[in-house]
Amino acid sequence: MDKNLIQRTISGLVYVAVIILCTTPLGAQLMNRIHPDLIRQEYLYHGLITLLLLVGTWECVKIMKFGKGYEKWIVFPLVIFIYYVFSKRYFHHDFFFDFRLNEILAISLIAIAVVTLFKYSNELYYDSGKLIFTVIYVALPFSFALGLPKFSTFEGTFSLEVLFLFILIWSSDTFAYLTGKFFGKHKMAPKISPKKTWEGYAGGVVLTLVLSYFVEHYQPELRGNWMVVGFLVAAFAPLGDLVESQLKRNFAVKDSGNIIPGHGGVLDRLDSFLICVPVVYLYFILEKFI
């Protein structure tokens, strides 16, 4: 058997296992068997997101090849500050998907960063542009991810929104790949991602909607309508892949890193997640007003 395939399989299984343990009550239950009340599930989840944030920031700095100016040295302080502001709010349970100007502004900045990457990429060759893009592209989505699950220290509950978001993203990527492989003829973005096709995109949307129907039917306690979430994931997950592909293409980089053997770096694995999280977050805000 191909050694690369074995490596990809093992590292992929470990990656999925870590996601499951940190986004469901299972992780805390296993650890608390060692010692009662050793850890609460929200700390495992926030620890995972914090680790991904730090590694993702480091990878983005390496991809964009910062110069020797001050910008390189203030990336991490800015990212950590923004992340702290969000995490402080969530840990104090001050999070009810209210319509808040700063969150809408943050989501708008992500959209502007994406447009800049595709339309005004020359701005990213300046260290100031690299700094702004890194902070927006990495810090804001991971910060939004902190607030997706509902938890209560009094009831000992931890909801599964993030787990099913990951599942829908994985299904979208898999279904789009398989549909494109067997039926793909029309290239979506041949210069950025030659293997993506419109047929694959359509297949990813349809089949992810089928899966999201079962999520909505069998997980009624989840926030929002998961048919809508499934459509948003299937529609925007390919954009996340294109954004990271364009970023690497602009700076002539093949992979964002090698922390996941055979799969690349954190940004390679979570490119769709970074775009889907703020979109789903925005939906959860608006859903309260419908």
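The values are calculated or read from the model by the stated rules, or taken from the named source; none is laboratory data. Nothing here was measured: the structure is a model prediction, and the numbers come from that model. As a convention, Cβ positions derive from the backbone with ideal geometry for all residues, glycine included, and neighbour counts pool all protein chains shown. When the accessible area is computed, the model is the full protein with side chains, heavy atoms only, and any ligands, DNA or RNA have been set aside. Shrake-Rupley method; radii C 1.70, N 1.55, O 1.52, S 1.80 Å.
Using the Cα centre of the chain as the reference point, and only Cβ charges (+1 on K/R, -1 on D/E), how large is the resulting charge dipole? Debye, rounded to the nearest 20.
Details: 26 positive and 22 negative charges, 188 e Å.
Approximately 900 debye in magnitude.
For the cross-link pairs LYS68/LYS119; LYS62/LYS248; LYS62/LYS196, which exceed 18 Å when the distance is taken from alpha carbon to alpha carbon?
Long pairs (Cα-Cα over 18 Å): LYS68/LYS119; LYS62/LYS196.
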Exercise. Can you tell me which of 219-232, 163-176, 184-197 comes out highest on packing, and rank the rest after it, using the mean Cβ neighbours within 10 Å?
Key: 163-176, 219-232, 184-197
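Taking the Cα centre of the stretch 109-260 as origin and charging only Cβ (+1 Lys, Arg; -1 Asp, Glu), how large is the dipole, in debye to the nearest 20? Write out the running numbers ahead of the final one.
Numbers: 13 positive and 11 negative charges, 142 e Å.
That gives a dipole near 680 debye.
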Practice problem: State the answer as a single residue: which of LEU239, TYR201, LEU124 lies farthest towards the positive end of the charge dipole of the chain, with beta carbon charges of +1 for Lys and Arg and -1 for Asp and Glu, about the Cα centre. | Solution: LEU124
Exercise. Report the accessible area of SER256, computed with a 1.4 Å probe over the heavy atoms of all protein chains in place, in Å² rounded to the nearest 10.
Key: 10
Quiz item: Under the classification rounded if a/c is under 1.5, otherwise prolate if a/b is larger than b/c and oblate if not, where does the stretch 131-259 fall, given a ≥ b ≥ c as square roots of the Cα gyration tensor eigenvalues?
Solution: oblate
Quiz item: So, by mean Cβ neighbours within 10 angstrom, what's the order for 56-67, 39-50 with the highest one leading?
Solution: 56-67, 39-50
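With a ≥ b ≥ c taken as the square roots of the eigenvalues of the C-alpha gyration tensor of the chain, please select rounded if a/c is under 1.5 and otherwise prolate if a/b is larger than b/c or oblate if it is not? Spell out each step's value before the answer.
Numbers: a/c = 1.35, a/b = 1.13, b/c = 1.19.
It comes out rounded by the Cα gyration axes.
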Quiz item: Which whole-number percentage describes the relative contact order of the chain, with Cα contacts under 8 Å and a sequence gap of 6 or more?
Solution: 22
Quiz item: With each run of n ≥ 4 DSSP H residues scored as -39500 (n - 2.57), what mean residue ellipticity at 222 nm is computed for the chain after dividing by its residue count and rounding to the nearest 500 deg cm²/dmol?
Solution: -23500 deg cm²/dmol
